[in-house]
Amino acid sequence: MSWEIVIGLETHAQLQTKSKIFSGSSIAFGAEPNVQANAVDIALPGVLPVLNREAVVCAIKFGLAVGATIAPRSIFARKNYFYPDLPKGYQISQFEIPVVQGGGLAIRQGEQEKFVHLTRAHLEEDAGKSLHEDFHGKSGIDLNRAGTPLLEIVTEPDMRSSAEAVAYARALHALVQWIGICDGNMQEGSFRCDANVSVRRPGEPLGTRREIKNLNSFRFMQQAIDFEVQWQINEIVEGRAIRQATVLFDPDTGETRAMRSKEDAHDYRYFPDPDLLPLEIGAGWIAEVKSGLPELPQAMQARFQVEYGLSAYDAAILTASRAMADYYVAAVTVAGAANGKAVANWIMGELAARLNKNDMDVAASPISAAQLAGLIQRIADNTISNNIAKKVFEALWNGEGRSADEIIELQGLKQITDSGAIEKIIDEVLTANQKSVEEFRAGKEKAFNALVGQAMKATKGKANPQQVNDLLKKKLGG
Amino acid sequence: MSLTPEDVSRIALLSRIELSAAERESTRGQLNGILGFIEQLQAVDTAGIEPMAHAVDVVQRLRPDVVTESDRRADFQAVAPETEAGLYLVPKVIE
C-alpha cells in the first residue's frame with residue numbers, strides 16, 4: 001500500500017527595511033553584538049513599540065503579488081514564551097487577524113504546474129541570538145536581531161513531495177526578491193523555512209505532523225523532508241504512533257531529531273497587544289503600493305509567450321529570477337522581438353551552461369545582454385553561422401572584444417556568402433576528393449556530407465552551410 | 001469550570017513561577033475566582049457584536065522607516081549583571 005506525503009511550509013522572510021519593525025534601530029547585518037539594540041529592543045521598562053510604515057508596505061506588496069486579501073484591519077498579538085533572546089518575554093506577532101489572508105503561488109516542475117494555496121502571511125518581530133559556546137558555563141546574548149521585521153508566510157498543507165516543497169520554496173524565494181521585500185540571503189538567515197511533514201494512507205485524515213525547523217538551504221530542505229518521511233513511515237509500520245514534535249535537521253548525519261515536544265498553541269497564551277492599536281490599510285494605500293509594483297513573473301510569462309513566441313516552459317525559466325528576466329528583456333530589446341526565441345535559446349543554452357559551470361549568477365555574466373543581442377543579430381542577418389557564433393560567444397566570454405562585430409572583424413570570421421568564392425572552393429574540394437565524388441555517384445549519401453565537411457573546413461567554417469549544400473548539390477547533379 | 005491543582009502547576013510552569021504547596025492552593029482559589037468573573041461575562045449575549053482588540057477606537061500610528069537610534073551599548077551594559085565581548089551573559093540555555 002502506498003503512502004501520501006503531506007507538507008506545509010512556514011517561511012520567515014526578513015523584510016528589506018532600514019530600521020526595525022517597532023523601533024528606530026538599524027537592521028544592518030554584521031554589526032558588533034548589541035550595538036543595534038536600543039531601549040525598545042532590549043525591553044527596558046516603560047518603552048513602547050511604534051510600527052514601521054515600510055514593513056507594512058512590504059506586507060501589502062506581498063499580498064498583492066500572491067493575489068491575497070489585504071486585511072483592512074489587522075491586529076498585533078503577544079506570543080508569550082520565555083527565552084533569554086526574547087527580552088520582553090513575548091514576541092509581537094499577529095494571530096487571529098493577520099495582514100495578508102489567502103492567496104497562493106503557482107509552482108512548476110518541468111512541464112507540470114501546480115497551485116500552492118497560502119493560509120496567511122503576518123508581520124512579526126525576530127528574536128535575538130543566543131551563543132551557547134565558550135562563556136564559562138553561561139550563554140551569550142546578542143540582541144541586534146531582536147525586532148528585525150519579518151513576514152511569516154504560511155501555506156496550506158498542499159505539497160505532496162519534497163521536490164514540490166523545494167519548488168514552492170524556490171518560487172517564493174524568487175518572488176520576494178522580485179518585488180524587493182527581502183534580499184533572499186539564506187546564509188545570513190534572511191529567508192528561512194520550517195516544514196510541517198506528515199504521512200497518511202491516501203484518503204485517510206491527516207496524520208500527526210512533525211515540524212522541521214530552520215531549513216536554510218534548498219538542498220537541506222529536500223534531504224530533511226526525505227529523511228523525515230522515511231522515519232515516519234518506519235515508525236508507523238512498526239506500530240508506533242507519531243507524536244507531534246519540533247525536529248532539527250543535522251546536515252552532517254542527514255538525520256532529523258526531536259528538539260522538544262511541541263507545545264500547543266494555547267501555551268503561547270496569545271492575546272492582543274495593548275501597546276499597539278489595530279493596523280488599518282485603506283484601499284487608497286493599497287492602490288498606491290500596487291502602482292509601484294514591478295510587472296509580476298506570471299504576467300511577464302504570459303507577455304513573453306505573446307510578444308516573443310516563447311513556450312510556457314521557456315517563459316517560466318526566463319522569469320525564474322528578476323535578474324534573469326531583466327537580462328532577457330534587455331537582450332530582446334536590442335535584438336528585436338523577431339529574435340525573441342533565438343535570444344531565449346542562447347540564454348537558456350550556451351549562456352546558462354557557461355554560468356553554471358562557473359557557478360555564476362546571470363547578473364554577473366561577463367557577456368552583457370547587449371553583447372549577446374549583438375551576436376544574435378549577426379546570426380539572424382547571416383553574417384556568421386551558428387557554429388562561428390559559438391566561437392564569437394567564447395571570445396566575448398573571454399573579453400577578446402567589446403562586441404560581436406568587433407570580434408568578427410578582428411578575427412576575420414565573417415561568413416562567405418559570395419557564391420563565386422564558394423564555387424571556387426567547392427571546385428577545389430571536388431578535385432581533391434574524387435573518391436568521395438565517385439562514392440556519392442554510386443549512391444552513398446554519406447559521401448555528400450563528407451564533401452560538405454571538406455568545403456566548410458577549407459573556409460575555416462566561414463561559408464554559409466546552406467549555400468555550400470545547395471551549390472554542391474547543383475554541381476554533383478549537373 | 002474550576003482549576004485542579006495540576007492545572008495550577010502547569011500554568012505556574014509556563015509562567016516560570018515557582019509555587020509552594022500552600023501558594024498553589026491560595027493561587028488556585030484566586031484563579032478560580034477570576035474564572036468565576038469570566039463566567040459571568042460569558043453569560044452576556046454578544047451575538048452580532050464585533051470583537052474589539054483595543055479599548056479605544058483609534059488606529060495605529062506609523063513611523064517612517066528611518067534609523068533614529070545610535071549605539072548605547074555601553075550605557076545599557078553598565079547596568080547589566082554580566083557581560084562579555086559585547087554580549088549579555090545569562091545562565092546556560094540549551095535545548
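The values are calculated or read from the model by the stated rules, or taken from the named source; none is laboratory data. Because the structure is a prediction, the values reported are computed rather than measured. Don't worry about glycine lacking a Cβ; one is built from the backbone with ideal geometry, like all the others, and counts go over all protein chains shown.
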What are the residues in region A:115-133 that are within 14 Å of another protein chain (Cβ to nearest Cβ) and either of a type in the set (K, R) or outside any strand (DSSP E or B) (or both), if any? A:A127, A:G128, A:K129
Filter result (more than 7 Å from chain A (Cβ to nearest Cβ) and either in a loop (DSSP other than H, G, I, E, B) or β-branched (V, I, T) (or both)) within region B:65-81: B:S70, B:V79, B:A80, B:P81
Going through region A:37-54 one residue at a time, which ones are within 7 Å of another protein chain (Cβ to nearest Cβ) and free of Cβ contacts under 8 Å to residues at least 24 places away in the same chain? A:N38, A:R53
Tell me, please, whether a residue that is surrounded by 10 or more Cβ atoms within 10 Å (Cβ to Cβ), touching a helix residue (DSSP H, G or I) at 6+ places or on another chain (Cβ under 6 Å) and within 22 Å of A:V40 (Cα to Cα) can be found in region B:82-89. yes
Residues that are among the aliphatic types (A, V, I, L, M) and in contact with a Leu (Cβ under 8 Å, 6 or more places away or on another chain), drawn from region A:340-363: A:V343, A:A344, A:I347, A:M348, A:L351, A:V362
Quick one: is A:A59 in contact (Cβ under 8 Å) with a residue 60 or more places away in the chain, touching a Ser or Thr at 6+ places or on another chain (Cβ under 6 Å) and not in a strand (DSSP E or B)? no
Give the residues of region A:105-118 that are at pLDDT 90 or above, surrounded by fewer than 20 Cβ atoms within 10 Å (Cβ to Cβ) and more than 18 Å from A:W178 (Cα to Cα), sorted by residue number. A:K114, A:F115, A:H117
Which residue, of B:P91, B:P81, is touching a Leu at 6+ places or on another chain (Cβ under 9 Å) and not acidic (D, E)? B:P81
Could you tell me how many of the residues in region A:412-432 are over 54 Å from the mean Cα position of the chain (by Cα) and either among the small types (G, A, S) or not in a helix (DSSP H, G or I) (or both)? 1
Output the qualifying pairs, or none if there are none: Cβ atoms under 6 angstrom, residues six or more apart or on different chains, first residue in region B:46-64 and outside any loop (DSSP other than H, G, I, E, B), second residue surrounded by 10 or more Cβ atoms within 10 Å (Cβ to Cβ). B:L62/A:L51; B:L62/A:R53; B:R63/A:V50; B:R63/A:N52
Tally time: how many residues in region A:26-85 are under 20 Å from A:P278 (Cα atoms) and not hydrophobic (A, V, I, L, M, F, W, C)? 13
Within region A:276-316, the count of residues that are of a type in the set (A, V, I, L, M), touching a helix residue (DSSP H, G or I) at 6+ places or on another chain (Cβ under 9 Å), over 30 Å from A:E125 (Cα atoms) and assigned to a helix (DSSP H, G or I) comes to 5
Being surrounded by fewer than 22 Cβ atoms within 10 Å (Cβ to Cβ), touching a helix residue (DSSP H, G or I) at 6+ places or on another chain (Cβ under 6 Å) and either at pLDDT 95 or above or of a type outside the set (F, W, Y) (or both) narrows it down to one of A:A364, A:A331, A:A370, so name that one. A:A370
Considering region B:8-41, residues that are at pLDDT below 90 and surrounded by 10 or more Cβ atoms within 10 Å (Cβ to Cβ), and then whichever is farthest from A:E96 (Cα to Cα), we arrive at B:I17
A:T208 - would you say it is within 30 Å of A:L276 (Cα to Cα), touching a residue at least 12 places away in the same chain (Cβ under 8 Å) and hydroxyl-bearing (S, T, Y)? no
Which numbered condition trips up A:S23, out of (1) of a type in the set (S, T, N, Q); (2) touching a strand residue (DSSP E or B) at 6+ places or on another chain (Cβ under 8 Å); (3) over 30 Å from A:Q222 (Cβ atoms)? (2)
Selection from region A:11-36 of residues that are among the small types (G, A, S) and facing chain B (nearest Cβ under 9 Å): A:S19, A:S23, A:G24, A:S25, A:S26, A:A28, A:A31
Residue check: is B:S2 in a helix (DSSP H, G or I), more than 14 Å from chain A (Cβ to nearest Cβ) and of a type outside the set (A, V, I, L, M, F, W, C)? no
Quick check on my filter: what residues within region A:368-395 are under 25 Å from A:Q305 (Cα atoms) and either in contact (Cβ under 8 Å) with a residue 40 or more places away in the chain or not in a helix (DSSP H, G or I) (or both)? A:S368, A:A369, A:A370, A:L372, A:A373, A:G374, A:I376, A:Q377, A:A380, A:D381
Return the residue satisfying two criteria in turn: it lies in region A:176-198 and is out of contact with any strand residue (DSSP E or B) (no Cβ under 7 Å at 6 or more places or on another chain) and assigned to a helix (DSSP H, G or I), and of such residues it is surrounded by the fewest Cβ atoms within 10 Å (Cβ to Cβ). A:Q177
Pairs needed: first member in region A:105-125, closer than 14 Å to A:Q301 by Cβ; second member anywhere, in a loop (DSSP other than H, G, I, E, B) and not basic (K, R); C-beta distance under 8 Å; at least 6 residues apart or different chains. A:L105/A:V66
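Matching residues to (1) surrounded by fewer than 18 Cβ atoms within 10 Å (Cβ to Cβ); (2) modelled with pLDDT of 95 or more; (3) under 25 Å from A:Q177 (Cα atoms); (4) within 18 Å of the chain's Cα centre (by Cα):
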| residue | (1), (2), (3), (4) |
| --- | --- |
| A:K262 | yes, no, no, no |
| A:A265 | yes, no, no, no |
| A:G284 | yes, yes, yes, no |
| A:E288 | yes, yes, yes, no |
| A:S291 | yes, yes, yes, no |
| A:A302 | yes, no, yes, no |
| A:D314 | no, no, yes, yes |
What do you reckon, is B:D57 acidic (D, E), within 14 Å of another protein chain (Cβ to nearest Cβ) and in contact with a helix residue (DSSP H, G or I) (Cβ under 6 Å, 6 or more places away or on another chain)? no
